[in-house]
Amino acid sequence: QQLQRLLPVKEYIDIHYRENLDTETLASLVYLSKDRFNHLFKEAMGIPPKKYINDIRLHSAKRWLEQGLYTPAEAASMAGFTDYNHFGRLFRQTFGCAPSKIHHHNSKIV
């Protein structure tokens, strides 16, 4: 039931993940306080909203790197990351390697 209530937020994030999204704005989409929204989102999705957004951004950046058409910095920026070092840390934590490794491997193929 909570997931159904948060569906408009999930759809909004899925479309606008490249933009600067803050939890206050997302909470306002479903008329909740920031704290209540964070609690319900984590309960319904299993992860906090910021992690959900970062996961979408990371997987998008990885997809672009696998295509070999963009540098890691370009992929990070296109995915909505404003801090490349933060992107690199999250990428390594999530995928177990540096973004440049995927880019380097796939840019040779193209």
Residue list for region 72-92, restricted to those being surrounded by 15 or more Cβ atoms within 10 Å (Cβ to Cβ) and in a loop (DSSP other than H, G, I, E, B): 80, 81
Options 21, 29; residue that is out of contact with any strand residue (DSSP E or B) (no Cβ under 8 Å at 6 or more places or on another chain) and more than 29 Å from residue 92 (Cβ to Cβ): 29
Scan of region 93-110 for residues that are open to solvent by less than 60 Å² (accessible area, probe 1.4 Å) and modelled with pLDDT under 85, ordered by number: 103, 106, 107
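The values are calculated or read from the model by the stated rules, or taken from the named source; none is laboratory data. Predicted model, so just to flag it, every value in this text is computed and none were measured. Note that we place each Cβ from the backbone using ideal geometry, even for glycine, and neighbour counts take in every protein chain shown. Areas reflect the complete protein model, heavy atoms only, side chains present, ligands, DNA and RNA absent. Shrake-Rupley method; radii C 1.70, N 1.55, O 1.52, S 1.80 Å.
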